[in-house]
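To keep things clear, I will list the structure first and then write my remarks on it.
The values are calculated or read from the model by the stated rules, or taken from the named source; none is laboratory data. Just so it is clear, the structure is predicted and the values come from calculations on it, not from any experiment. As a convention, Cβ positions derive from the backbone with ideal geometry for all residues, glycine included, and neighbour counts pool all protein chains shown. With ligands, DNA and RNA removed, areas are computed over all heavy atoms of the protein, side chains included. Shrake-Rupley method; radii C 1.70, N 1.55, O 1.52, S 1.80 Å.
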Amino acid sequence: MTDTTGDNGGHTVQEVRDYLLAQLNAAMRRPGMYGGETAIRLYLDAVAFAHAAEQVWQGELEELQRRMFFSTGVRGAFQNLWGDTHEGAVASVYAESAHRLGWLRLDRTLTSSEYDEIRHTNKTWCRKDRFLSDVTTAFGPPSVIFGGNNPNYPKTLVYATGRRDDSLLCFHLWNSFAAGEGPSSAGVHAEPILWAFRVGDPMFEDGFTFTPAGTARHSLSRTEPGTSRGNSARSE
């Protein structure tokens, strides 16, 4: 008979759980290397199975779908929001569930006062355009970076406490690259520019506070083909 709790000459149950958690966190941090939203969903399914938490994870998925209104997943929601589907932003949404379930590994855990400062000052702080260095100078190193560590590429910086019920505080930063004459590409911005601050909210779009650059991009997406609300799968 197989021992489900100990060592059968192979890996223990805990080793399998640790491995899957490590893979999930790697896939969320660098989603482009792992297969994006699909890979994150698969790893979450596997982690839920390994922890006998399938029903809890299914409940998280149902709540996420209710908040999104999109049959095309989280990518579709961001595409509708500002015409861009950077995988780091997508990963940050799934990280909310991972955090509540105790599966998100943080590089830094905020104190209550640090967390409250970010949450309560974001509306005034986002009234002007900000860049990656502005975020880290103002609020310190993030708890997690989704989208890789290259300072030139788009990413989402997340700030979190160790309390699972606290929403993640997300800074969505964008950059793009135009091919030059040489092998390298020049960024549109010298460093990623902040489009929006996001905090978990019952309805997806209600959680955003846009910067001027983010507001402009949000408005532009409403006029571009294929990004209107008419493409959403909302149920009235």
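Solvent-accessible area per residue in the chain equals 51 Å², computed with a 1.4 angstrom probe and all protein chains kept. A crude spin-label estimate for the pair His120 and Ala22, with each label 7 Å from Cα along the Cβ direction, gives 4.1 nm. Projected over every direction and averaged, the convex hull enclosing the alpha-carbon atoms of the range 134-177 yields 3.3 nm².
Summary value for the range 95-173: 35 percent relative contact order, contacts being C-alpha pairs under 8 angstrom separated by 6+ residues.
Springs between alpha-carbon pairs under 10 angstrom, Gaussian network model over the chain: which of Glu87, Glu96, Glu62 fluctuates most? Taking springs between Cα atoms under 10 Å, the residue moving most is Glu62. Ordering Gly76, Ser97, Ile40 by the projection of their Cα atoms onto the charge dipole of the range 1-148, which places +1 on the Cβ of Lys and Arg and -1 on the Cβ of Asp and Glu, puts Gly76 at the extreme positive end.
Here the spin labels are modelled as points 7 Å beyond Cα on the Cα-Cβ line, and at Thr137 and His11 they lie 4.4 nm apart. Projected onto planes of every orientation and averaged, the convex hull of the alpha-carbon atoms in the range 20-136 covers 8.5 nm². Taking all Cα pairs closer than 8 Å and separated by 6 or more residues, the relative contact order of the chain comes to 20 percent.
For the chain, hydrophobic long helices are taken as DSSP H runs at least 18 Å long by C-alpha position along their axis with mean Kyte-Doolittle hydropathy of -1.0 or more; these are 13-29, 36-50, 87-100. The dipole here belongs to the chain: it is taken about the Cα centre, uses +1 on the Cβ of Lys and Arg and -1 on the Cβ of Asp and Glu, and is about 600 debye. Treating each Cα of the chain as one equal point scatterer and applying the Debye formula with no solvent, the log10 of I(q)/I(0) at q = 0.08, 0.11, 0.14 Å⁻¹ comes out as -0.32, -0.59, -0.93. Ranking His218, Gln14, Asn149 by Cα position along the charge dipole of the chain, where only Lys, Arg, Asp and Glu carry charges on their C-beta atoms, puts His218 farthest toward the positive end.
Surface composition of the range 99-162: carbon plus sulfur atoms contribute 48% of the solvent-accessible area (1.4 Å probe, protein chains only, all chains present).
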